[in-house]
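Below is one structure; the comments refer to it alone.
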Amino acid sequence: MRLGLVLPCLVCLSISADGGLVRVRVPLHDEYRRLRELGLDVTGAADSVVRGYADDAARARIRAAGYEYELLDDSCPPCLHEFYHTYQQVRDSLRALALRRPGICRLETLGYSVQNRLLLGLRVSDNAGARENEPRVRFDGNIHGNEKLGCELVMFLAYMLCDSFGVSSRLTALVNDLEIMLVPMVNPDGAVANQRQNANGVDLNRDYGYMWNAWGQSPAWFSQPETRAQRDDCERNEYCLSLSFHCGAELVVYPWGCTPLPTREQPLFQRIVAAYGTSTGYDTSNMHRWYQVNGVSFDARYGLNGTPEITTEIAWRGAPPDSVEYYCLRNKEAMLGFMTRARTGIHGTVTDTATGLPVPAFVRVGPPSAAQRWFFYSSQESGDFHRPALPGTYSLSFWAPGYAETTVAGVAVPDTVNPVRVDVALRRDRGTAAMRVVCVQQNDTAARQNTTAPHLVLGPADSLAYSMSCGGRIVLDMGAGTEIVDGPGPDFIVVERPSANDTIVVAVGDSWNGPWTTMPLAVGTCSFDLASRSVPHARYVYIRDASRRPNSQPGAGYDLDAVVAINHNSGTEERVSGEATRVTAEQTTVRHVLLLSASPFALHSSLFDLSGREVMHLRPGPNDVRHLPAGVYFVSGRMANGEWRMANKVIILPAGRA
Ligand SMILES: [Zn+2]
């Protein structure tokens, strides 16, 4: 039994370094907040017990505060592995499926784990290699490495879709009509080590950048390669629905985790989880009502991408023996019903009036009472969008950097089966503004009552603002191809709600994760000139509230309305010039890998694989080199003036073939 009592003295010897899993008895469910303050990383809460991870010091504080706890064993015995896919089996099975069904499967490498294992996704659709006008749905599992059932359910979907294509008319229709992304093992290092966290000891489901708050040993928002790979996939592909599998209860939960306030689409989420719960017999709950959690994946999908994501807690135990088939069959109908929902709601395409070419647009949806609006994006490659929505009449505002906003009112979604189609052509316009929230953090006290939302910042100034909370931070993306550039006079304006006058620190950079160049301190609505800091261009803007007021009011902090670019790129031309970066490659004694060190001539270097995907970012100096699998890579270096220099090809041979 997973929650079995383990003798404390034995367990302290083996797991005290990382923090052990404990179960604490509490009189009230709400006491998880107090336990969190004492250092418990909460992973589940019920009426009389709270479960979570606590190291030696935290356990001492919990004991001193008068709570009783038991240490639990969260690993699964080795003998159970015969029932579950290992990392190698997942990798080999996905490859085999893609080879066996090349017409409907495409295997994608989303990135690499801390220990350089592949982060794989199988895209299942008719014409799998082509981008078609179809809703995209995503399933992932095993973000917690010891929750092995999640991986099994996603693998089950992969087999079922591939084996039933052309056989079952219902499953064939799903493959024909949708693009289904399957990521069975988000955390392969944790799965191999049979632990919740990744190889850096970070709980990946606390590492996401929406209302991130340093939970679960996460040192920074999107700090881990595993979460970055998922982030990048979700930003490249505008998923209209997403489902993440976990273990630890029999429960279907929906956002928010970070605040007790409801999402703007609470009735839609309730409808989705109710259908899943009815089919499976699982309970349903809002996440925060179960227990508060910050930096969780579904808050980021919904808060950053506008994608409704739910979590299914499949079973009380992460790896129950000999019951994989039972849970697959129990969830099968619910998973298929979830996919079917992708074909409902609002669909359409966004194009350019002049060229007819697709436009990746930011779409705000709502009744005219604009503060209640929610949002999504149209596809980057083909401009199409697909979004489940409950029956009702909506007003849709379409906007993209470099285009004028166009509103379509009176869009009626007739019922929960038939979608409504809305095709829109956008007219070019001189202005541009921030088009994505990349990461955001706010003060936890303010979060409980802050009814404004970060996405209100996006698009042109409209006097609808996001209250950042005192000390809150946000990173905004101005859009690829529409970066701010240094031109005559001020280059961009940070707009605060009229009549507000709060203080902020503003910084700019070419990467969402810095390095940042800090601009002069600002109060209220302010304009900035990149020339004042000798910065030629900036795609990302970082803003931190610097006021020192209490966070007790709902509107605490800077009231950020918009970030508007005055001088900006208007096309997609790329600058490629300069001489090659010098890169040295040395063989090491480790099998199949080489050590790569960046040239001292480059400030920063990035490594790209053959598909053009950035697989590694290298900072100068001896401490930032890492092992790489054999293969062909391209290295590009960024010079002191911020310019990217030309790429060098690097071939890394397997050991023994130097
Ligand atoms: Zn989990």
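The values are calculated or read from the model by the stated rules, or taken from the named source; none is laboratory data. In this text the structure is predicted, and so the values were computed from the model without any measurement. Every residue, glycine among them, receives a Cβ derived from its backbone with ideal geometry; neighbour counts consider all protein chains shown.
Okay, here's what the table says:
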| read-out | value |
| --- | --- |
| Selected residue (criterion: surrounded by the fewest Cβ atoms within 10 Å (Cβ to Cβ)) from residues of segment 344-369 that are in contact with a Ser or Thr (Cβ under 9 Å, 6 or more places away or on another chain) and at pLDDT below 90 | PRO368 |
| Hits in segment 246-296 (condition: among the basic types (Lys, Arg) and either within 15 Å of the ligand (Cβ to nearest atom) or closer than 23 Å to TRP316 by Cβ (or both)) | ARG289 |
| Options GLY472, GLY509, GLY479; residue that is within 22 Å of the chain's Cα centre (by Cα), free of Cβ contacts under 8 Å to residues at least 40 places away in the same chain and either crowded, with 21+ Cβ neighbours inside 10 Å or not assigned by TED's automatic domain parsing to the domain that holds CYS258 (or both) | GLY509 |
| Any hit, segment 260-274, residues being in contact with an Asp or Glu (Cβ under 8 Å, 6 or more places away or on another chain) and assigned by TED's automatic domain parsing to the domain that holds GLY190 | no |
| Only listed residue being under 25 Å from THR340 (Cα atoms) and at pLDDT 95 or above, chosen from VAL137, VAL114, VAL90 | VAL137 |
| Single residue of segment 24-66 satisfying the filter (more than 16 Å from the ligand (Cβ to nearest atom) and in a strand (DSSP E or B)) that is nearest to the chain's Cα centre (by Cα) | ALA54 |
| Failed criterion for ARG341 (all others in (1) surrounded by 23 or more Cβ atoms within 10 Å (Cβ to Cβ); (2) in a helix (DSSP H, G or I); (3) of a type outside the set (A, V, I, L, M) hold) | (1) |
| Segment 344-363, residues that are more than 20 Å from the chain's Cα centre (by Cα) and not in a loop (DSSP other than H, G, I, E, B) | ILE346, HIS347, GLY348, THR349, VAL350, THR351, ASP352, PRO358 |
| Set ARG373, ARG301, ARG387: member being surrounded by 23 or more Cβ atoms within 10 Å (Cβ to Cβ), in contact (Cβ under 8 Å) with a residue 60 or more places away in the chain and outside the structural domain of GLY150 (by TED's automatic domain parsing) | ARG387 |
| Among residues of segment 434-482, those that are closer than 23 Å to VAL359 by Cβ and acidic (Asp, Glu), counted | 2 |
| Matching residues in segment 112-156 - criterion: being part of a strand (DSSP E or B) and either of a type in the set (Phe, Trp, Tyr) or within 14 Å of the ligand (Cβ to nearest atom) (or both) | TYR112, PHE139, ASP140, GLY141 |
| Candidate set from segment 198-234 (those that are away from the ligand (no atom under 16 Å from the Cβ) and in contact with a helix residue (DSSP H, G or I) (Cβ under 7 Å, 6 or more places away or on another chain)); member that is nearest to PRO188 (Cα to Cα) | ALA199 |
| Members of segment 544-560 found to be crowded, with 24+ Cβ neighbours inside 10 Å and not in a loop (DSSP other than H, G, I, E, B), listed by number | ASP545, ASP559, LEU560 |
| Selection count, segment 246-260, where residues are in a strand (DSSP E or B) and in contact with a Pro (Cβ under 9 Å, 6 or more places away or on another chain) | 1 |
| Residue match in segment 175-187 (condition: within 16 Å of the ligand (Cβ to nearest atom) and part of a helix (DSSP H, G or I)) | no |
| Residues of segment 297-321 satisfying the condition of being within 16 Å of the ligand (Cβ to nearest atom) and in a helix (DSSP H, G or I) | SER297, PHE298, ASP299, ALA300, ARG301 |
| Residues located in segment 502-533, provided they are among the charged types (D, E, K, R) and within 18 Å of ILE566 (Cβ to Cβ) | ASP529, ARG533 |
